[in-house]
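The structure under discussion appears below in the form of structure tokens.
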Amino acid sequence: ACTGIENIDEAITLLEQNNWDLVAAINGVIPQENGILQSEYGGETLHGPAYGPTSHSTAASSTPSSSSAFRHVVPSRQIVERQPRMLDFRVEYRDRNVDVVLEDSSTVGDIKRILENELQIPASKMLLKGWKTGDVDDSTVLKSLHLPKNNSLYVLTPDLPPPSSSHSGALQESLNQNFMLIVTHREVQREYNLNFSGSSTIQEVKRNVYDLTSIPVRHQLWEGWPSSATDDSMTLAVSGLTFPCHRLTVGRRSSPVQTREQSEEQCTDVHMVSDSDGDDFEDATEFGVDDGEMFGVASSALRKSPMMPENAENEGDALLQFTAEFSSRYGDCHPVYFIGSLEAAFQEAFYGKARDRKLLAIYLHHDESVLTNVFCSQMLCAESIVSYLSQNFITWAWDMTKEANRARFLTMCTRHFGSVVAQTIRTQKTDQFPLFLIIMGKRSSNEVLNVIQGNTTVDELMMRLMAAMEIFSAQQQEDIKDEDEREARENVKREQDEAYRISLEADRAKREAQEREMAEQFRLEQIRKEQEEEREAIRLSLEQSLPPEPKEESTESVSKLRIRTPSGEFFERRFLASSKLQVVFDFVASKGYPWEEYKLLGTFPRRDVTQLDPNKSLLEVKLYPQETLFLEAKE
């Protein structure tokens, strides 16, 4: 209704490019300054943003009939006129940044021609990189790439020699220097000593301070930056900082109480934030407007479940949730993630036999990056990538979205790879995620071969994986050769030791065999005697404890029991009908048939008497006046 796009594939493509941010996708197609919605009903025209609650109120106040432009009408009766859309490009070449603004109807060749005038480099020598939709040629129309409003590109000139001047040498030396920044947190009066390379940007410093102080970048109030440090994208080497140590102070910017008019103004301006850098959008909810609420949809309906629980105690459980959530978002065709701790992944990849070792690929996910959905769905889930990773890599994943999980991974990274790699990952901006780390195990340490950022293509990702595999294969062949030689030496020594051992064992075995046999016979004989003595003692004890057998002419009720043994013999005895069943069990045991080993069965009906309550009388269990029972060994 807002954009006039009726092709569902085109709509989904625009949403994916904007990380499924509906507001950003609409702003990318209809910038606020050019949003004009026309209706054929009476030739009325509505100016301003063609979406959101503000548009309704504006239309209602301007023309009584203008609200018809927002009713559900037949698509052919509603026309959206789009003025030429302007795209902003920041192009980086060596130590220069060039800003280019073009209409989306221009071509890639037009950008090169502008850069040719600015950089004094022939367009034919330029390789323009950084496109998020793959490789393009000079005739590609920018509109067909569905680009966001702000874009970052870089120029490569492999056919041109690097500049050699004293200025470039001095700049390169500054970029390689390390700056010590002493940052004082004003509110808590705490100092942080931070080391940054000269190639780090001011924005990276502010992002790191956000991690330490929890003050968002947009709310940081700084003191101590040189007057020349006017752009957050400027590197520390050219910002004018005092080398090697510079003092800065940071505090939280106070925010005044918003009036109703200010709140409404921010409600409109929140659309423009999606066109700015992702670093400044971290607190978009603080504007008082939720993206979902602007379209009448609850914000919870637009949010995704977290890839990984925060503060998960067990890494295996966290990886199980990560795999399940990844499958639900991007389908079942994805890399097989190793379920377990990072240490277990090292064991699986590096510490087996040389022929079985693999490279370790660590995928670092970040839900707040605009590149995540495209990287996961188009690169990481491509069949060629999935097949290559499953054959040659152990793939382990971690979610860097939550701060607790990010800090936990950086701790693991420092422990396993060192502080340099951890600092490299720490300084990565959100929009540079997701990251793909390629790790190769060496004899004494683990080496990071490559750090692949999310702004890549399937072909580039495959080439970098194959390049890492070539390095690993060369190292693996050396390890296999060393391992084979070591095993050959160990086999010769093992055979010699085995032959010597056998010669010693042969004589000793004969002697010990006789001793063992004699000892075993003696032991078994002793056990048998002890068991017989124990059984006899128990039998005599039970026999003595039995009540006297009642006489036939007894005036009391007497039960006569006839018991058949497993060998076919019979023995009879009389019992008082009031005697407990336990007396019968003791009588049978006194004959050498303990009820723990034998069961006493009745005939009609057939029943297991040993399962009855031994405290009941013979009369109660119906073994009166006479009964024939037989013994059977328990299984």
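The values are calculated or read from the model by the stated rules, or taken from the named source; none is laboratory data. Note that the structure is a prediction, hence the values are computed from the model and not measured. Cβ: placed from backbone, ideal geometry, glycine included. Neighbour counts: every protein chain shown. Note: areas computed on protein heavy atoms with side chains; ligands, DNA, RNA excluded. Shrake-Rupley method; radii C 1.70, N 1.55, O 1.52, S 1.80 Å.
Protection proxy ranking of 187-194, 111-118, by the mean of other Cβ atoms within 10 Å over each peptide's residues and highest first, is 111-118, 187-194. In summary, the lysines within cross-link reach of residue 353, defined as a Cα separation below 17 angstrom excluding same-chain residues under 8 places away, comprise 442, 481. As a rough guide to protection, the peptides 462-472, 584-594 ranked by mean Cβ packing within 10 Å, highest first, stand as 584-594, 462-472.
Cross-link pairs exceeding 18 Å in C-alpha to C-alpha distance, out of 551/616; 358/429; 580/622; 206/429, comprise 551/616; 358/429.
The spacing between the stretch 442-503 and the stretch 514-587, judged by their C-alpha centroids, is 72 Å. Each peptide in 474-480, 567-573, 19-25, 140-146 gets a packing score, the mean of other Cβ atoms within 10 Å over its residues, and the list from highest to lowest is 19-25, 140-146, 474-480, 567-573. Classified by the C-alpha gyration tensor, the stretch 392-459 has an oblate form. Its axis ratio a/c, with a ≥ b ≥ c, is 1.5 or above, and a/b does not exceed b/c. Surface composition of the stretch 173-252: carbon plus sulfur atoms contribute 46% of the solvent-accessible area (1.4 Å probe, protein chains only, all chains present). Seen through its C-alpha gyration tensor, with square-root eigenvalues sorted a ≥ b ≥ c, the stretch 298-426 comes out oblate because a/c lies at 1.5 or above while a/b is not bigger than b/c.
With both labels modelled 7 Å from their Cα along Cα-to-Cβ, the residue 310 to residue 500 distance reads 6.4 nm.
Which one, 176, 240, 226, projects farthest toward the positive side of the charge dipole computed for the stretch 173-252 from Cβ point charges (K/R +1, D/E -1)? The one lying farthest along the dipole's positive direction is 226. Taking square-rooted eigenvalues a ≥ b ≥ c of the alpha carbon gyration tensor, is the stretch 567-619 rounded, prolate or oblate, where a/c under 1.5 means rounded and, failing that, a/b exceeding b/c means prolate? Here the stretch 567-619 falls in the rounded category. Per residue, the accessible area of the stretch 319-481 comes to 42 Å², computed with a 1.4 Å probe over protein heavy atoms only.
Shown is the FRET efficiency for residue 218 and residue 138, computed with R0 = 30 Å from the Cβ-Cβ distance and rounded to the nearest 0.05: 0.20.
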